[in-house]
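J.: Please read through the structure below; I'll follow up with questions.
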Amino acid sequence: MDSQHWRAVITAAQSGDRQALDELVAGWLPLVYNIVGRALNGHADVDDVVQETMLRAVDNLGSLRDPDSFRSWLVAIAMRQIRDRARRRTPERLEEAAAADFAELTVLRLQLEGQRREVAEAVRWLDAEDRQLLSLWWLEVAGELTRRELAAAVGITRQHAAVRVQRMKERLETSRGIVRALDGACPDLRELTGRWDGRPDSVWRKRLARHIRGCGYCGGTQETVVPAERLLVGIALVPLPVGFTLSLAFGGKTAVAAGSAGWSAKLLGALTKPAVAMTAGATIVAGGAYVVTQPPDAPPPRAAITPTATATSEPPPSTQPTPTPTPSVTATKKADLYGTVVDAVDRAPDPDARPAALPRRPESGITSTGGPKAVMQHRGDSVTLSGRGYVLVRWQISPKYRPGALVMPTWTGLKGKLFHVASGGSRRMDDPLPGAPGGYATGMGGPDIGYAVLPPGTQQMWQNEYFYVDGTVTLTQNERGCDYGLIVFPTDWAAVDQDVNEGPAQGAIRYGLVRDTGTDSAPVPQYVTRATPADPATVPQRSRV
């Protein structure tokens with residue numbers, strides 16, 4: 001992070017600048033969430049500890065003398081809240097609530113595979129004290145913290161921190177061996193774990209480690225074990241889960257806190273589930289969007305600022321032919337409709353067929369409630385996109401975990417226009433994958449593991465699907481049958497144009513496909529509606545917008 005920029009932001013926030021405080025909280029919330037999430041391994045108390053940390057930081061921001069020490073100061077507050085939480089809870093109460101396992105969340109949201117996945121899953125086998133230290137060390141090797149900040153957060157010298165980290169790494173490597181062995185087929189290990197309830201703890205860690213040391217089957221490995229620090233270098237922070245909320249109810253303890261109760265209009269987002277108490281405060285949601293909550297007698301907040309487009313001349317239409325529209329089944333005025341509704345499966349272009357020219361539509365930027373990279377892995381995950389510009393939806397289908405009928409994602413609450421402008425990623429998901437591991441014959445699965453099956457008439461998706469938003473719309477993941485995930489990125493015309501024009505090479509099968517005509521006759525995606533149904537999965541395939 002740019003230290004000069006954050007120094008200015010912190011100084012402005014200390015002076016009562018509401019927008020600076022908005023930016024400060026949104027910018028540093030992911031770091032706090034990752035520290036607390038890994039230290040508590042996703043326990044139900046994570047939300048509470050993160051909230052307490054951010055509230056204390058905002059309330060005491062005026063006491064921070066050196067803006068350059070903000071990060072270490074914030075991390076120290078987080079660690080104090082983690083330790084305070086441990087002191088307040090008895091061992092019995094520590095087991096009473098469960099939440100999403102942070103190790104699993106790390107694997108899913110960062111798409112970790114191989115030994116990186118192994119390291120994340122090994123965290124489950126560490127004791128609470130080791131997990132607290134690992135939550136900081138993980139961020140140190142990822143470049144988010146320095147060793148000085150790690151030592152200050154734990155309250156020890158750098159020399160002592162080096163010793164503590166080394167001991168923790170040794171236990172982490174032992175835990176990695178356990179994860180690897182449990183994935184194997186050792187008959188003696190299966191007999192040993194017959195009495196195990198499946199919950200990692202220190203007693204079973206020692207038992208399994210003792211078995212591995214004396215077992216030729218479990219102790220051997222077919223690949224070189226890469227040190228954990230080399231695997232973690234450069235790994236990004238785990239994004240905030242969709243729907244994650246953090247309420248800061250300011251009580252006016254400091255000038256900064258009192259002055260921030262009326263958050264800036266720029267950050268008032270249209271939220272899909274703003275279920276919060278009516279208090280004079282603010283709620284942070286995944287991706288850094290905010291909604292103001294006020295007492296019943298308070299005046300309504302100002303409307304959100306809508307992005308405005310820059311002056312751009314309308315490009316000429318593409319020479320690509322427009323698919324024939326399907327006749328409307330409802331008595332809707334022609335003037336109310338736009339776009340071409342494509343309700344038939346389209347054929348894949350020849351691998352050597354270059355795409356048509358991609359028209360350049362006006363761009364003023366897209367804001368996303370999922371931040372710069374929204375990862376949606378579970379039914380009900382959603383992201384709201386607002387503004388004018390391009391969006392990438394990247395598909396990840398996992399029939400090896402659960403094959404079968406695939407319930408498509410849907411676009412709801414459309415205000416404005418939405419076009420399906422291009423498909424890319426160098427392959428369709430049903431293209432053959434020669435030499436693919438794990439029983440995959442195509443991106444849709446294979447005979448060994450089963451296939452993902454689309455609803456009749458649904459277009460076959462490509463690895464990358466590109467859309468153009470001019471307004472606001474919500475995309476919801478409706479996984480019910482086959483296992484799949486979506487990654488949603490705001491992008492731009494140049495990136496779309498580059499992707500669809502990348503020629504077949506190693507790992508690529510075909511050029512992309514341009515669908516955009518540059519006019520209102522361009523295709524709209526299937527499964528889109530202006531309504532906001534209680535169950536987004538009920539949106540019909542034949543879109544009428």
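The values are calculated or read from the model by the stated rules, or taken from the named source; none is laboratory data. Just so it is clear, the structure is predicted and the values come from calculations on it, not from any experiment. So basically every Cβ, Gly included, is an ideal-geometry build from the backbone, and we count neighbours across all protein chains shown. Heads up: the accessible areas ignore ligands, DNA and RNA and are worked out on the full protein's heavy atoms, side chains in. Shrake-Rupley method; radii C 1.70, N 1.55, O 1.52, S 1.80 Å.
J.: Please say if the range 469-542 is rounded, prolate or oblate, where rounded means a/c under 1.5 for a ≥ b ≥ c the square roots of the C-alpha gyration tensor eigenvalues, and otherwise the choice is prolate for a/b larger than b/c and oblate otherwise? Write out the running numbers ahead of the final one.
T.: Details: a/c = 2.24, a/b = 1.44, b/c = 1.55.
Cα axes put the range 469-542 in the oblate bin.
J.: With a 1.4 Å probe and every protein chain kept in, tell me what percent of the accessible surface of the range 452-545 is carbon plus sulfur.
T.: Carbon and sulfur atoms account for 52 percent of the accessible area of the range 452-545.
J.: Report the gain in length on full extension from Gln19 to Gln159: 0.36 nm times residue separation, minus Cα-Cα distance, nm rounded to one decimal.
T.: Working: separation 140, 0.36 × 140 = 50.40 nm, distance 4.00 nm.
My answer for the length gained is 46.4 nm.
J.: By the scheme Lys and Arg +1, Asp and Glu -1, what is the net charge of all other residues having a beta-carbon under 12 Å from that of Val488?
T.: Combined, the nearby Lys, Arg, Asp and Glu give 0.
J.: Determine the shape class of the range 338-441: with a ≥ b ≥ c the square roots of the Cα gyration tensor eigenvalues, call it rounded for a/c under 1.5, and otherwise prolate if a/b is greater than b/c, oblate otherwise.
T.: oblate
J.: What nm value, rounded to one decimal, do you get for the distance between Asn60 and Glu129 when each label is placed 7 Å out toward the C-beta?
T.: Placing both labels 7 Å along Cα→Cβ, they lie 2.4 nm apart.
J.: Modelled label-to-label distance, Ser3 and Ala26, 7 Å Cα→beta-carbon offset: nm?
T.: That separation, rounded to one decimal, is 2.6 nm.
J.: Using R₀ = 45 Å, calculate the FRET efficiency as 1/(1 + (r/R₀)^6) where r is the Cβ-Cβ separation of Val225 and Arg530; round to 0.05.
T.: Efficiency for this residue pair is about 0.25.
J.: Taking R0 as 35 Å, what's the FRET efficiency between Ala405 and Arg213 from their Cβ-Cβ distance, rounded to 0.05?
T.: So the FRET efficiency works out to roughly 0.15.
J.: Under the 0.36 nm per residue contour assumption, what length would be gained going from the current alpha-carbon distance of Arg148 and Ile449 to full extension?
T.: That works out to 103.5 nm of additional length.
J.: Ranked from highest to lowest mean number of other Cβ atoms within 10 Å per residue, what is the order of the peptides 28-38, 423-433? Numbers along the way, then the final one.
T.: Numbers: 28-38: 23.6, 423-433: 20.5.
Sorting 28-38, 423-433 by mean packing, highest first, produces 28-38, 423-433.
J.: Express in nm, to one decimal, how much length is gained between Arg347 and Gln498 on full extension, taking 0.36 nm for each residue of separation and deducting their alpha carbon distance. Let's see the in-between values first.
T.: Numbers: separation 151, 0.36 × 151 = 54.36 nm, distance 2.20 nm.
Net length gain for the segment: 52.2 nm.
J.: Please compute the contact order of the range 426-505 in relative form: average sequence separation of alpha-carbon pairs under 8 Å and at least six residues apart, divided by the residue count, as a percent.
T.: Result for the range 426-505 is 27 percent.
J.: Quote the charge dipole size of the range 479-538 about the Cα centre in Debye, to the nearest 20; the model charges only the Cβ of Lys and Arg (+1) and of Asp and Glu (-1).
T.: On the way: 4 positive and 9 negative charges, 38 e Å.
Charge dipole of the range 479-538: 180 debye, to the nearest 20.
J.: Which FRET efficiency, nearest 0.05, do Ser69 and Asp197 yield, Cβ-Cβ r, R0 51 Å? Don't jump to the answer; show the numbers that get you there.
T.: On the way: r = 45 Å, r/R0 = 0.88.
Once the sixth-power term is evaluated, E becomes 0.70.
J.: From the protein chains alone at 1.4 Å, what is the descending order of accessible area for Thr458, Thr367, largest first? It would help to have the intermediate numbers written out before the result.
T.: Details: Thr458 5, Thr367 80 Å².
Highest to lowest solvent-accessible surface, that is Thr367, Thr458.
J.: A further question on this structure: Pull up all non-local amide H partners of Val421: gap of 5 or more, or a different chain, and H-to-H distance under 5 Å with H placed in the peptide plane.
T.: Hits under the 5 Å cutoff: Tyr466, Phe467, Tyr468.
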